[in-house]
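Read the structure below first, then the notes.
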Ligand SMILES: [Zn+2]
């Protein structure tokens, strides 16, 4: 999916330049095509923190 030629409806500049919040939002949305497309960074960090806490708790209990 290419977004180089998309023009923003809000600021009429290329979306790839990210001049306004609308540009940046659509640019991020278009760039998210990986396996974590549905997750935002904060959810990912929270998930990682929970995982680390669970592992630490487990390691503590086995000792
Ligand atoms: Zn814009």
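The values are calculated or read from the model by the stated rules, or taken from the named source; none is laboratory data. Values in this document were obtained by computation on a predicted structure and should not be read as measured data. Heads up, the Cβs are rebuilt from the backbone with ideal geometry, glycines too, and the neighbour counts pull from every protein chain shown.
Quick look at the values:
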item: Of residues in segment 36-51 being exposed (fewer than 10 other Cβ atoms within 10 Å of the Cβ) and part of a helix (DSSP H, G or I), the one modelled with the lowest pLDDT; result: 41
item: Condition met for residue 21 (modelled with pLDDT under 90, out of contact with any helix residue (DSSP H, G or I) (no Cβ under 9 Å at 6 or more places or on another chain) and at negative phi); result: no
